[in-house]
């Protein structure tokens, strides 16, 4: 038996045992036990595990292990979000293939995950880049196509003029330049594939109410992204077009329509070329070209000035008959709404600034309640009035409240043919086309006679070809491979071409949780009974950075497949936990710029932080770990030094799961000392037990009663901390309290002490799986601790027989005594009067009043 805890010997041994015995395989649905599906968001296989991974996966692993011990059949799988641009870039940089690079990284990360002691069912492992997975991704795409939820249309994309290729948004820096070539990115129109997520906008919004176990901030973020707006679409005829041309605008404030003083088009709007006057043509053309090189973020940023130019054309406000100028401006985006807005500077902050900048009319049509008839408060002239109020300068609507006017103005517009009530969403259809190789091929063929033809199911998967050259320039590598592109039409046999776009990787992650339910199925994406048995996921854990897109797309997929009769549930994830980030001590030289300003922590003396190159004093603070900042701690190094159990315990104890965690070596040392204390506590007991047998002491003996209460209090508290809102940090605190109670107990040769030792290990098992299995075996048990049932607290053991009664004199603490827990006021006063403390402090004094607070204190007023 090791006298000292040695994780480097113990942990690999148990990892091998678990692998051989497959303790964590999830039984199929014929098992009568209740199911529990615990899932972490699966990683991109970068090759190296980071501390954020460790924290995320350990949280889920504790929950999965706890639920197994509670008697659930648990599904706890792992896989790889393995398609995407980084692997293609690696292939270019290293002269390898995306496949070779990705599968090598997967093997490396799988080994690292196993070292953490995560109880995954590796028989269900999936990789989104494997043909046996993306075959079914393609099949699901065809389900969307059959449901008329997939389509192609022209869309604006980022274009690198040097590399002659399309760039994803993440490949464009905040200056609008290409990440690789450094060229200023241009906007181009290309034919792209979309999924009609807007058809499900209302369902996605309304069903947020069903997600009662999701963080409110995540639901709010999704609701804002969907962005439901109720208002009206109004039509402004263009002067001299014979009423044949009109500009449609959507507004949530139809009550302000009498204050419209101009109309603004997006520079990309197709009407711009038609209506611009010859005098303004050159100015408009130059402005359109300039805006094409500005990112959408910069165009809509609140702190950026709004710029525009007049087209020279005039529109008519049908409600007033007034002629109003038509402008184009950078803050209006063609992809949103109708690509046009009505300018109401008196009642919109952005329009007010624009009107002031270009000296456009400002007409107030709503004033605060209580304003005298015909009066416009002077205070309004300095800003836009955006609240409700009373209508003015609005014809027949003068004098009525603006909320009522909204309804009446929409009714007038519909009656006159000037517009109609409408609901609009900020959400846009999901652009899934990517012009790159390392992604799931879109399974359609373009035939000159038949048009877009779905690839027959029997021909799936459309596999990625291997003989591909990666240059990072020009068209997608797939588009250059004629032997792959040119195929006969499946319908008519005519020479046709494959689609060369691949799918957005968010498609892969929008259904992976379904595949885990039946990962080895080669006949279908998943068995109907199995997927509807295991799903929805009972506990999902991942970063809040995925609060919108990944979670929204997964919800969309689930609803579409439900409507296709493939699933029988509405939402994919019952409960969501968004864990905080792991932060490292970070050093920055504010006098430097770019990557040079970050000073790797390994080069800095924390007692006197200075730039090792210049000797300047530098700033020190905590921020999210990253390679670029040089503030990361590699899990494999930390595990080599302290062991996986210590790292698991630290990441769970330092902060609640949803809060950020600051990596502190001293705190890690603290957890290592606790794990060592548990080791010594149990091994010393094992050694002492070999020389004597435990006595069958009665639990009524005082020392054993106190210890048994500590045991069952820990069982109760840890169970509660692992149920509902996961308070994993306080659960570990309870383990420490029980450890201290065992250490302090003088009943180390009693049956109650044996119960305490075994209870401590069973409660600790989900948190520190290796050491607990080792010590459980040393106690003489042949079956793994992780196969033991979870403990239930004994209510009788929790009953408090005695309490600590505080004794005060004139409100000052003088000491305390132990008294029966159920004593009433009279009894408490008697106990206090007869105590040595009272006799000492009250001798010879006149007691004027006695205040007895049951369960707490007795105060003598003298």
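Summary of computed values
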quantity	calculated
Members of the stretch 823-857 that are in contact with a helix residue (DSSP H, G or I) (Cβ under 9 Å, 6 or more places away or on another chain), in a loop (DSSP other than H, G, I, E, B) and farther than 30 Å from residue 712 by Cα	847
Single residue of the stretch 392-410 satisfying the filter (within 14 Å of residue 344 (Cβ to Cβ) and in a helix (DSSP H, G or I)) that is nearest to the chain's Cα centre (by Cα)	406
Unmet criterion (only one of (1) surrounded by 18 or more Cβ atoms within 10 Å (Cβ to Cβ); (2) more than 21 Å from residue 778 (Cα to Cα); (3) modelled with pLDDT of 90 or more) for residue 704	(3)
Residue 319 being in a loop (DSSP other than H, G, I, E, B), farther than 30 Å from residue 175 by Cβ and either touching a strand residue (DSSP E or B) at 6+ places or on another chain (Cβ under 9 Å) or in contact (Cβ under 8 Å) with a residue 60 or more places away in the chain (or both)	yes
Output for the stretch 788-811, where each listed residue is at pLDDT 95 or above and exposed (fewer than 14 other Cβ atoms within 10 Å of the Cβ)	789, 792
Any hit, the stretch 401-423, residues being within 30 Å of residue 510 (Cα to Cα) and in contact with a strand residue (DSSP E or B) (Cβ under 7 Å, 6 or more places away or on another chain)	yes
3 or more residues more than 30 Å from residue 625 (Cα to Cα) and out of contact with any helix residue (DSSP H, G or I) (no Cβ under 9 Å at 6 or more places or on another chain): qualifying helices (runs of 4 or more DSSP H) within the stretch 35-148	131-146
Those residues of the stretch 143-163 which are crowded, with 19+ Cβ neighbours inside 10 Å and modelled with pLDDT of 95 or more, in sequence order	144, 149, 150
Helices (runs of 4 or more DSSP H) wholly inside the stretch 739-822 containing at least 1 residues that are closer than 22 Å to residue 707 by Cβ and out of contact with any helix residue (DSSP H, G or I) (no Cβ under 6 Å at 6 or more places or on another chain)	751-764, 795-798
Verdict on residue 559 being within 30 Å of residue 215 (Cβ to Cβ), modelled with pLDDT of 90 or more and out of contact with any helix residue (DSSP H, G or I) (no Cβ under 8 Å at 6 or more places or on another chain)	no
Residue that is surrounded by the fewest Cβ atoms within 10 Å (Cβ to Cβ), among those in the stretch 351-391 that are within 38 Å of the chain's Cα centre (by Cα) and within 14 Å of residue 260 (Cβ to Cβ)	384
Verdict on residue 305 being under 37 Å from the mean Cα position of the chain (by Cα), outside any strand (DSSP E or B) and over 19 Å from residue 336 (Cα atoms)	yes
Of all residues making up the stretch 607-655, the number that are surrounded by fewer than 16 Cβ atoms within 10 Å (Cβ to Cβ), part of a loop (DSSP other than H, G, I, E, B) and in contact (Cβ under 8 Å) with a residue 24 or more places away in the chain	4
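Quick grid of which residues meet (1) in contact (Cβ under 8 Å) with a residue 24 or more places away in the chain; (2) farther than 18 Å from residue 324 by Cβ; (3) touching a helix residue (DSSP H, G or I) at 6+ places or on another chain (Cβ under 7 Å):
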position	(1), (2), (3)
359	no, no, no
369	yes, yes, no
376	no, yes, no
384	yes, no, yes
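The values are calculated or read from the model by the stated rules, or taken from the named source; none is laboratory data. In this text the structure is predicted, and so the values were computed from the model without any measurement. When we count neighbours, we look across all protein chains shown, and the Cβ atoms used for this are built from the backbone with ideal geometry, even at glycine.
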